[in-house]
Amino acid sequence: MLGMRRFLPLVLLIGLAACSGKEVWAPDDQVTSAAYVHEGPPTITLVTVINNETGGGGHSALLINAHQRVVFDPAGNFKHSQAPERNDLVYGMYPGMLKAYYGFHARKEWHVVTQEVEVTPEVAEQAFQLTKNYGAVPSALCANSVSDVLGKLPGFESVKHSVYPKRLMKDFAGLAGTKTEKLFEND
């Protein structure tokens, strides 16, 4: 029994380490030079990746147009030399980079659903700060972290906390003024 007491803290420590996401921290100069200010209104866009065969949700992310446009890509795999990342917040979402981001996800097996809502500058900035400070997200917890962020924003109270991308997408669709688009690619 004494051996088990000594072994248990080690198991818990290893388990907690497995619960953290992969930390990525781009240098300040890269983040600063990649900053992109989009001329459009402040918005929050839920990005959901849907399996074309099963209809199941595969990934959730947030495109935030605040003082700069970024993507909160929790537990995501998108990497680009001109889009520096800090713990799942990807900077430099100018139109061509955003197209590359969507194209990375949309392919023969998957399509992308975007749901955009205009918000006040204050709400957009709050979303930016929450995602900036969120930290690295472990695999398979994308919808969990996105719904956690949305749950802290005024005007998103009807979006329930969820670990399922499609459930999150359904709740987001109920927000007033939501503009939905689908992107299909076959490469």
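Brief remarks follow.
- The C-beta contact set for the stretch 97-115 (first residue without any contact (Cβ under 8 Å) to a residue 24 or more places away in the chain and over 11 Å from A61 (Cα atoms), second residue surrounded by fewer than 20 Cβ atoms within 10 Å (Cβ to Cβ) and of a type in the set (A, V, I, L, M, F, W, C), distance under 9 angstrom, 6+ apart or interchain) comprises A100/F78.
- Residue within the stretch 68-85 that is among the polar types (S, T, N, Q), in contact (Cβ under 8 Å) with a residue 60 or more places away in the chain, more than 18 Å from A26 (Cβ to Cβ) and surrounded by 16 or more Cβ atoms within 10 Å (Cβ to Cβ) present: no
- In the stretch 33-58, the residues that are out of contact with any Pro (no Cβ under 6 Å at 6 or more places or on another chain) and assigned to a strand (DSSP E or B): T43, I44, T45, L46, V47, V49, I50, N51, G58
- T120 satisfies every condition listed in (1) surrounded by 16 or more Cβ atoms within 10 Å (Cβ to Cβ); (2) touching a residue at least 60 places away in the same chain (Cβ under 8 Å); (3) farther than 15 Å from V49 by Cα except (1).
- Extreme residue, modelled with the lowest pLDDT, among residues of the stretch 23-32 that are surrounded by fewer than 12 Cβ atoms within 10 Å (Cβ to Cβ) and out of contact with any Pro (no Cβ under 8 Å at 6 or more places or on another chain): E23
- Scanning the stretch 140-181 for residues that are closer than 18 Å to D73 by Cα and more than 17 Å from the chain's Cα centre (by Cα) yields nothing.
- Scanning the stretch 62-91 for residues that are under 16 Å from A127 (Cβ atoms) and in contact with a Leu (Cβ under 8 Å, 6 or more places away or on another chain) returns L62, L63, R69, V70, V71, F72, D73, P74.
- Filtered by the rule that a residue be out of contact with any Pro (no Cβ under 8 Å at 6 or more places or on another chain), aliphatic (A, V, I, L, M) and within 14 Å of G57 (Cα to Cα), the stretch 142-187 gives V163, L168, M169.
- Positions within the stretch 73-117 being closer than 19 Å to L141 by Cα and either assigned to a loop (DSSP other than H, G, I, E, B) or among the small types (G, A, S) (or both), in sequence order: D73, P74, A75, G76, N77, F78, K79, N87, D88
- In the set (1) surrounded by fewer than 23 Cβ atoms within 10 Å (Cβ to Cβ); (2) touching a His at 6+ places or on another chain (Cβ under 7 Å), the condition left unmet by V49 is number (1).
The values are calculated or read from the model by the stated rules, or taken from the named source; none is laboratory data. What you see is a predicted model; the values in this text were computed from it and never measured. A quick note on method: Cβ atoms are made from the backbone with ideal geometry, for glycine too, and the neighbour counts reach across all protein chains shown.
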